[in-house]
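Below is one structure; the comments refer to it alone.
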Amino acid sequence: MKKTLIISLVTLILAGLFTGCGSKTDSEAGGDKTLNIFVWTEYVPDSVIQKFEDETGIQVNVSTYSSNEDMLAKVKSETEGAYDIVQPSDYMVQQMIAQGMCEELDKTKLTNITNMNEAYLNLSYDPGNVYSIPYLGGAGAIAVNTDVIKDDITSYADLFDPKYADSLVVLDDFRAVIGMAAKSLGYSMNETDPTKLAEIKARTLELKNNIKLYDSDSPKSALISGDCTLAYCWSAEIALAMEENPAIKIVYPSEGAYLFLDNWVVPKGAKNYDAAMQFINFMMEAETAQMVGEEFPYLNPNAAGVALLGEDFSSNIAKNPPAEVLQKGEFVENIDSDSLAAYDEIWTELKQ
Amino acid sequence: MGSKRHNIRSNILPKVFMVGPITLWLGFLIVIPLLYVLVMSFCGTDEYYNIVYKFTLENYKRLFAFNYLEIYAQSLLIAFFTTVICILLGYPFAYLITRKFTRKKAILYMMVIIPFWTNSLIRIYGWRTFLGATGFLNNLLMDLHLVTKPVEFLFNRGTTILGMVYCLFPFMVIPLYSAIEKLDQNLLEASADLGAKGRNTFFKVILPLTISGVFAGSIMVFIPCLGYFFVSDILGGGNADVIGNLIKRQFQSGNDWPLGSALSIILILITLLLVRIYQKLGGSMESLGM
Amino acid sequence: MNRKTKRKFTDFISVLFCGGIYAFLFLPIVVIVINSFNATTSKPYLTWKGFTFEWYVKLFSNETLLDSFRTTITIALVSMIISVIVGTIAAVGMYKYKFRGKNIIDGLLYIPVVIPEIVLGISMLTLFAKASIPRGMLTLILAHATFSIPFVVFNVRARLADYDNSIEEASLDLGANRIKTFINITVPVLAPGIGGGALMAFTLSIDDVIISYFTNGQVKTFPLKVMESIKSGVSPDINALSTLILLGTALIVFLTQSGIFRKNK
């Protein structure tokens, strides 16, 4: 028996070496021939990466994450400069700046910035865009499978109805979910008042029975497969689910939606700074923005790109959240560590 | 004769050369990291998630709060059911293979191991595909008109236990196979000669002699089960978190290494307790090393 | 019911039961193999859209996937070699010599075997982070060797239990130095134990998820690549690769098994 297994071993090794014909070299620092990017799952199309690699000859190594806190944890635990590019959301950019974790962007290299919609530049979390350039944004909206659910759902509060037991997929993100519960009560997503927090806690736990699945990577999968008939997730995921199954409908909550805007940031000590600048500039090209928008239809701050995407994109409310949604909605902001601990406790209790 | 000369030869150099590397290895990669985890479990974090090196019992206090205790209970329950199911399925299986289908036992044994040459993650994903709302099983049930809408198999504790049993089944079978194979046929014959019927022989002779296999298998199933976060992630969907998930979260989005360390220490203590019980019941450490 | 019928009945139940267990074990594998022929092209690749071989072709142009497989094999091989060397000389050394702390090392060896992998994973992550060792191939190899070494030691030790020292003594008497004796006499005798340990090390390494998850940095091993794909939907080329690996190993096993039987006759 041992002989058998040893022979299998040898064959497996040979198989591995065979596929090794034409293996690429390990990525190492220096020469800016490589670029290490750390981005959200389902956010940067492979075709775009491929195009960048073909045009510049720089090899891109992609790692992914599905929450800002995951990204922060990984960047902090790695040695400095392990990643050249990351994609924090609004509040996380602020956190990173405060901790001195970002490199200043060399604006002279970022010539395509003229393509960007002014409304999304110079925001409060990074005045003057010293450290960040916006990429994509959107809302945490509701998706309803109208084949199964015939009721009229219009708000976050509707999701708490006990008749939707075991049918909801939500983001695996404590600020998003707890914030949503807060909004359903009419409070802010960034509430810190302890009495209100107690109410928010009770409210969040009410949702427990309805939640079937936590998924920040690809919530549309559960919608498309039918495992979940309701969702609270990123707007573009809903847009994509709608294309696969026209019975799925998007609803922007009446309380005002959870809004987010993700940005390109270069972490301090990045080994391939020049390549990173090239990459960000490339991502701001109108054509690139168009390719991105076609695969991941999020709110796109690139005005030139949006123009190329046409009516189909701009008039689709799931792909391009309407102005009222953006005005009524709320962004996540940083809160003090005691409140943060309280949020964490709520989250642990919810998830078990 | 000549051996006396060799005994006088210095033994220090070979000793250091042979045992040195492993000592250094174990020291640097097991002892020091675990000690560091212990130290960290008594530290705190600041608002930017950086570790603050000041002694505090805060982490342990938090971990003995009610919501965490519920998760330990859930973990232990999942591990308990997984172990019991593995025993109930594994024992008869190992017994039949070793004693009934003896001639083919080598191949039959290999057939248990072969699936594990495929990546375990993708096999668990295979279960997810099979049990999903539009998966094969539901499609079959609907086609046969046994149900009118898809049964919700996924994303609960039951399916997580199924996944755990699936992953850990060989760890029960291997020691059981070992123990049952060593059964001396003569003892069984003696028992029959003395007039014991099948059932008596089983409970009074076979079971006591093979119980060591059951214990070893139980430890090798129960303990990993507490840490197998990927099974709960893929099949449980976040609803059947085990202690491993908690720990993983603290090293990721939770950004709280000290809390994660404290959780790990608690997990280590549970492990040590179980191993102690195992030893008291007569289990030997060698059979755990396979 | 007479005895013969009862016997036939229990035989039938036994076959049914064992068959059921095998069905259980192989079910997801059947799912994986079937899905590798799925003509679906869009995430999450769950609905059946027809039969095709194209994913087996697409597999060979998926560089990142093939890379991850190569990486996994490399790590498995290197960590196996390291653990075999360190483990074998340690097992022999501990068998031959008495020294203080032998019991401690013995006990420490059980830690990677018994402790849940996640604890090992995070503790090594903590060490690497504190020592500013960048996570990557190096840390993966170190981590994999760490959980493999005890299995090598145990396997070699089992072989040493029946070891006859006199051949070694004879060799030394005849003038061979210790190193030569070790390589030419001791190792061949211990070979089955070393082989068993090496096999264990390799097997554990290629399927390792939990420990690799914390010590990999940006390196993608095959299990980690699968984990990543599970998040957005496993494309059938991964199924194709898994099917190929399975076919390959199963084929070898069955061929050599029947080969062994033929030899014994």
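Nothing in this text is a laboratory measurement; each read-out follows from the coordinates by a stated rule. Quick caveat, the model's predicted, so the values are computed rather than measured. Reconstructed Cβ throughout: ideal geometry from the backbone, glycine too, with neighbour counts over all protein chains shown.
Could you check which residue among C:Asn184, C:Asn239, C:Asn62 shows the biggest mean-square fluctuation in a GNM of chain C with a 10 Å Cα cutoff?
Fluctuation is largest for C:Asn184.
In deg cm²/dmol, rounded to 500, what helix-only [θ] at 222 nm does chain C give when every DSSP H run of at least 4 residues adds -39500 (n - 2.57) and the total is split over its residues?
On the way: 12 runs with 202 residues, N = 265.
Mean residue ellipticity, 222 nm, calculated: -25500 deg cm²/dmol.
Counting partner chain Cβ atoms within 10 Å of every residue's Cβ in B:127-138, what's the average?
Working: counts 3, 7, 11, 7, 3, 7, 8, 7, 5, 6, 1, 3.
The per-residue average across the peptide is 6.
Let's test this: bin the Cα-Cα distances of region B:165-290 at 10 Å from zero up to the farthest pair and state each bin's percent.
The percentages, shortest bin first, are 12, 30, 27, 17, 9, 4, 1.
For q = 0.10, 0.14, 0.15 Å⁻¹, what log10 I(q)/I(0) does region A:115-233 give under the Debye formula with an equal point scatterer on each alpha carbon and no solvent?
Results for region A:115-233 at q = 0.10, 0.14, 0.15 Å⁻¹ read -0.39, -0.69, -0.76.
Please give the helix A:286-295 orientation as an angle from the longest Cα principal axis of chain A, in degrees from 0 to 90, rounded to the nearest 10.
60 degrees
Just to confirm the number: angle between the C-alpha axis of helix A:303-314 and the first principal axis of chain A, 0 to 90 degrees, nearest 10?
50 degrees
Of all the C-alpha pairs in region C:64-237, what % are more than 24 Å from each other? Please report the intermediate quantities before stating the final value.
Working: 6778 of 15051 pairs.
In whole percent, the long-distance tail amounts to 45.
Quote the FRET efficiency, to the nearest 0.05, computed for A:Gln99 versus A:Glu345 with a Förster distance R0 of 25 Å and r equal to the Cβ-Cβ distance. Please list the in-between numbers first.
Values: r = 24 Å, r/R0 = 0.95.
Calculated value: 0.55.
How far apart, in nanometres, would the label points at B:Lys61 and B:Leu269 be if each is projected 7 angstrom from Cα along the Cα-to-Cβ direction?
1.6 nm
R0 = 25 Å: FRET efficiency of A:Glu324 with A:Asp161, Cβ-based, nearest 0.05? Let's see the in-between values first.
Numbers: r = 25 Å, r/R0 = 0.99.
Result of the calculation: an efficiency of 0.50.
Counting just the Cα atoms, what span does region C:187-230 cover along each of its three principal axes? Round to the nearest Å and put the largest first.
Result, largest extent first: 44, 18, 13 Å.
Among the lysines, select those whose C-alpha is under 18 Å from the C-alpha of B:Lys54, and discard any that sit fewer than 8 residues away in the same chain.
Cα-Cα hits under 18 Å: C:Lys130.
Looking only at the protein assembly as shown, where both bridge partners belong to it, what percent of the DSSP beta bridges are antiparallel (to the nearest 5)? Before the final figure, lay out each step's value.
Details: 25 of 42 bridges.
Close to 60 percent.
Can you give the longest run of chain A that contains no GluC sites (Glu not before Pro) sitting in a DSSP loop with at most 12 other Cβ atoms inside 10 Å? Please report the intermediate quantities before stating the final value.
Values: sites that count: A:Glu28, A:Glu104.
The answer is A:105-352.
Can you tell me the orientation of helix C:137-160 relative to chain C, as the angle in degrees between its alpha-carbon axis and the longest Cα principal axis, to the nearest 10?
60 degrees
Going by C-beta contacts inside 10 Å, put B:Cys86, A:Cys102 in order with the fewest on the left. Before the final figure, lay out each step's value.
Numbers: B:Cys86 28, A:Cys102 21.
Fewest-to-most Cβ neighbours within 10 Å comes out as A:Cys102, B:Cys86.
For chain B, list the DSSP H helices whose alpha carbon atoms reach 30 Å or more along the long axis and whose average Kyte-Doolittle value is 0.0 or above? Working shown, then result.
Values: long enough: B:66-95 (43 Å, 1.35); B:157-181 (34 Å, 1.21); B:207-227 (31 Å, 1.83); B:257-280 (34 Å, 1.53).
Result, helices passing both filters: B:66-95, B:157-181, B:207-227, B:257-280.
For chain A, modelled as a Gaussian network with Cα springs under 10 Å, which listed residue fluctuates most, A:Thr192, A:Thr41, A:Thr79?
A:Thr79
Over 22 Å, how big is the tail of the calculated P(r) for region B:34-114, in percent of all Cα pairs?
Summing the P(r) tail past 22 Å for region B:34-114 gives 59 percent.
Can you give me the three principal axis dimensions of region B:64-288 from its C-alpha atoms, in Å, biggest first?
Sorted largest first, the three principal extents are 63, 50, 30 Å.
Ranking request for peptides A:296-302, B:37-43: highest mean number of other beta-carbon atoms within 10 Å first, then the rest in descending order.
Averaged packing, sorted descending, gives the order A:296-302, B:37-43.
Once Rh is set to the Kirkwood radius over Cα pairs, what Stokes-Einstein translational diffusion coefficient, in µm²/s, holds for region A:245-294 at a temperature of 4 °C and a viscosity of 1.567 mPa s?
Working: Rh = 14.5 Å.
Diffusion coefficient, whole number: 89 µm²/s.
Based on the Cβ-Cβ distance from A:Glu244 to A:Ala202, what FRET efficiency comes out when R0 is 60 Å, to the nearest 0.05? Don't jump to the answer; show the numbers that get you there.
Values: r = 36 Å, r/R0 = 0.60.
For R0 = 60 Å, the calculated efficiency reads 0.95.
Quick one: order B:Leu144, B:Leu259 by neighbouring beta-carbon count within 10 Å, fewest to most. The partial results should precede the final answer.
Details: B:Leu144 8, B:Leu259 28.
So the residues, fewest neighbours to most, are B:Leu144, B:Leu259.
Suppose each label sits 7 Å from its Cα in the direction of the beta carbon; what would the B:Leu88-A:Lys33 distance come out to in nanometres?
With each label placed 7 Å out from Cα toward Cβ, I get 6.0 nm.
Only residues of region C:153-186 count here: report those whose backbone N is under 14 Å from the spot 7 Å along Cα→Cβ of C:Tyr97, or say none.
In region C:153-186, the label zone of C:Tyr97 (backbone N under 14 Å from the point 7 Å along Cα→Cβ) covers C:178-179.
Between A:Gln59 and B:Lys15, what is the label-to-label distance in nm when each label sits 7 Å out along the Cα-to-Cβ direction?
Here the modelled spin labels are 4.9 nm apart.
For region C:1-126, place one equal point scatterer on every Cα, skip the solvent, and apply the Debye formula. What is log10 of I(q)/I(0) at q = 0.15, 0.18 Å⁻¹?
-0.98, -1.10
Given the -39500 (n - 2.57) contribution per DSSP H run of 4+ residues, what per-residue ellipticity at 222 nm results for chain B, rounded to the nearest 500 deg cm²/dmol?
Values: 13 runs with 183 residues, N = 290.
It comes out at -20500 deg cm²/dmol, rounded to the nearest 500.
Determine, for B:Leu246, B:Leu272, the number of other Cβ atoms within 10 Å of each Cβ, and report the residues in order from fewest to most. Write down the numbers at each step before the final one.
Numbers: B:Leu246 26, B:Leu272 12.
The fewest-first ordering by Cβ neighbours comes to B:Leu272, B:Leu246.
Ignore the peptide's own chain and count Cβ atoms of other chains within 10 Å of each Cβ in A:220-230; give me the average, rounded. Intermediate values should be presented prior to the final figure.
On the way: counts 4, 9, 6, 1, 8, 13, 8, 14, 5, 1, 0.
If you average over the peptide's residues, the count of other-chain Cβ atoms is 6.
Based on the Cα atoms of chain A, what semi-axes does the equivalent ellipsoid have, where each is the square root of 5 times one gyration tensor eigenvalue, given in whole Å with the largest first?
Numbers: eigenvalues 235, 143, 99 Å².
Sorted largest first and rounded, they come to 34, 27, 22 Å.
Considering the convex hull of the alpha carbon atoms of region A:183-319, report its projected area averaged over all viewing directions, in nm², one decimal.
Values: hull surface 45.4 nm².
For the Cα atoms of region A:183-319, the hull's average projected area reads 11.4 nm².
Work out the mean other chain Cβ neighbour count within 10 Å for the residues of B:253-266 and drop it here as an integer.
On the way: counts 16, 7, 8, 4, 7, 0, 2, 4, 4, 0, 3, 9, 1, 0.
If you average over the peptide's residues, the count of other-chain Cβ atoms is 5.
Can you give the convex hull volume per residue for the Cα atoms of the protein assembly as shown, as a whole number of Å³? Kindly include the intermediate steps, with their values, before the conclusion.
Values: hull volume 180.1 nm³, N = 907.
Hull volume over Cα atoms, normalised by residue count, gives 199 Å³.
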